[in-house]
Every structure is written in structure tokens, then in C-alpha cells.
1. For the pair Val134 and Lys162, what calculated FRET efficiency results from E = 1/(1 + (r/R0)^6), where r is the Cβ-Cβ distance and R0 = 41 Å, to the nearest 0.05?
2. For Lys182, give me every one of the aspartates and glutamates with a C-alpha distance below 18 angstrom, ignoring sequence neighbours fewer than eight places off in its own chain.
3. Going through the cross-link list Lys107/Lys214; Lys235/Lys255; Lys162/Lys291; Lys160/Lys191; Lys107/Lys255, which pairs have a Cα-Cα distance over 21 Å in this structure?
4. Pick from Ser44, Ser332, Ser157: which residue has the top mean-square fluctuation in a GNM of the chain where Cα pairs under 10 Å get a spring?
5. At a probe radius of 1.4 Å, what is the per-residue accessible area of Tyr340, in Å² to the nearest 10?
6. Measuring with a 1.4 Å probe in the full set of protein chains, what accessible area per residue, in whole Å², belongs to the chain?
7. By the gyration tensor of its Cα atoms, with a ≥ b ≥ c the square roots of the eigenvalues, what is the shape of region 43-99: rounded for a/c under 1.5, prolate for a/b over b/c, or oblate?
8. Which percent of the accessible area of region 239-312 is formed by carbon and sulfur heavy atoms (probe 1.4 angstrom)?
Amino acid sequence: MFQQHLRNSGAALSFVAAFTLFIGMSTATYADALSPDKIKSAISTAYDKYKDLDEGAVADYIPALARVDPKVYGIALVTVDGKVYTAGDLTTEVSIQSISKVFTMAKVMDESGTDAIHDNMGVDATGQPFNSIVAIEQYKGSEMNALVNPGAITATSMVKGKSYDEIWNKIIGYYNDFAGRKLSVLDDVYKSEAATNQRNQALAMLMYAYGHIKGDALQATDIYTRQCSVGVNAKDLAMMAATLANGGKNPVTGKQVAKTENVPEILAVMSTAGLYDDAGKWLYKTGLPAKSGVGGGIIAVSPGKFGIAVISPPVDAVGNSVRAQKAIADISNALGGNPYAVQPRYYYCTARLRVERAFF
Ligand code: GLN
């Protein structure tokens, strides 16, 4: 009886010791990687390093984008517990452009389920530019994704609503919830793109011809153009990314915006296609689901840890901001943001085995 008691309390003690050791070590690693000082220093190092970088050029195929100041440079990181860290320009708004595609796709998933996206335009990288006609022709509008123009316009056409206004209000309301504030359309960008988006109209008509867009393809193109013209600063974008990092719940307002169960699918498409034909190179360097826009923004998500965004308008040949790619990669890698970068469990296991062998 007494021995039994000793055995029990021994077991309990060893359990408590092992548990404390485990929790202590995991929190130490986590806290160390994401301590405020470390985040601040990673951000300011990257900010300074790329401040004078002179690579890339502002997109000019949309006339209003050619007029954007190439010097705008802002960084923001929002952790899943709602702490905000920033550097540089946080007030200038650029047009969200293709980053919007993530959130419209998420809206369709919320309304119609993840299969609706999978079964309509698909979830595979095209390996082609974002406005490629070849990418449609190859598989008759299937086997692509909602983050390239034809798939994105199709996703916009899938948002439910009886009128243009009803659909638009749903889309902008959803973006507002992600950003945690009321966003507005940059009217000059919208007008400029609407007057010159004949190629997107052609992509939409092809998607209609192949049966992917069911309703009014030109209305869908116009709503898509409007969604691309929403103005955002670096903090807005980081908040939107952090909401995805936090299972679809805005970490500052506390509002559940996207369904948590859809977040893995959203992040999967961002991983394979978020940076277009350079998505593979990006994933190789960072491991992060991300999305770029020709306005100069990039968002990236470290699941369960943080969302990060950089705005810097000069883009490379593919359409991805040069500074944003470099700064986000440096910051995330300095903070252990790559979800594929795991430490071996060897040490914990050995410690647990020793404790178990000694007491059981
Ligand atoms: N509105 C832009 C377009 O349709 C978006 C492209 C982008 O950001 N890559 O061309």
C-alpha cells in the first residue's frame, strides 16, 4: 500500500517535472524567436538594408500605377496576439491589386465551400504570367487557380448577390473586416484600369465561353477591377495577413472573419501561386504562403505566428515588388517564420525517456 503510494506520487512528480521541462523549453524557444526586441531589430535591419535599393520599376500597363511614387517604403508585422510592429511609410495607400484575389477567394469559400474553388478554376500553379491566355487555353479554364486573373475574375463572379451593389458591398465589407478598418477605392486607379482592361475582359469572356463564369462576365470584370483598386497601407495589409495567420480571426478586433476550417486551403493556394511564376523560388527561400500585387504590396503569413506586409512599388519582370520580397524574406527568416523549419525533437525525447526510465 505504502509502496503503491510512493509509486503513484513518484509518477505524478515525474510527470510534473517532464511537463514543466517541456513547456519551459517550448515557451523559451517561442518567446525567444518572437520577442518584441527581436522583431523590432529584424524589421529595422531589413528596412535600412533595402532603403536605397534601386531595382525594379513601377508597373505602367495601368496608367495610374505609372504615377505612383517609387520611393514609398513601409513595413508592418502583426503577431497573432495583436501586437503591431512597423517601419517606414505607414500612411501612403497603394492599390491592393492582386492581393485582393486572396480575400475574394476566401469569401467564395466561406459562402460556397472550398470545393467550389477547387472544382471550378482549380488550385494548381499555371507557371504562366498572371494574365496569360495560354494558361486558360491549355486546360479550357480548369487546372489554374483563383490568384491569377482569369481564376480571380471567375471567383469574383461566384460571390453571391442579386445586384452589382450587393456583391460589391459584400466584398468590400469582407476586406474591411480583415483590415480592421473601413477601406476605400482609389478612384483614379479604378478609372484608369477600367478604361484599359480589355485584356482582362477577354480573359473573362474566355472563362465564360468555357463555362466557368456563369453570369455576366463583364460585370464580374468590373467588380474585380474595383476590388483591385482598394487603397491600403502597409499596416492594413499586415493586419489582413495576420488574420489569416490567426485562423481567420482578426487578432486586434477579435472578429472571426474567414471560416477557420478554410484557412489551410487559402494558404495552400497562396503557397503554390501567390507570387505567380516565381512562387516556387519564393517558397524555397521563405516557406511562407504569400501574395503580391502590382501596386507594390506583398503579404506573407507565418501560420500561428504573424502576418507581415511590405509596400514598395517597384516590381520585377514577374510583377512582384523587389524590396518587399527581400525585406519579408529577411525578417521572417530572422524570426523563425518558415513553417517548414523545425527543430529536431531529439533533446525533448531523450529527456523524457530518462525521466520515464528513472521513475517507471
Ligand atoms: N488589377 C491587376 C490586373 O488585373 C492586378 C494584377 C496584379 O496585381 N498582378 O492586371
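1. For Lys162 and Val134, the calculated efficiency is 0.70.
2. Glu93, Asp165, Glu166, Asp236
3. Over 21 Å apart, Cα to Cα: Lys162/Lys291; Lys160/Lys191.
4. Greatest mean-square fluctuation among the candidates belongs to Ser44.
5. Surface open to solvent at Tyr340 totals about 150 Å².
6. About 45 Å² of surface per residue is accessible.
7. oblate
8. Looking at region 239-312 in its full context, I get 57 percent from C and S.
The values are calculated or read from the model by the stated rules, or taken from the named source; none is laboratory data. Remember, predicted model here, so these are calculated numbers, not experimental data. When we count neighbours, we look across all protein chains shown, and the Cβ atoms used for this are built from the backbone with ideal geometry, even at glycine. SASA here: full protein model, heavy atoms, side chains in, ligands and nucleic acids out. Shrake-Rupley method; radii C 1.70, N 1.55, O 1.52, S 1.80 Å.
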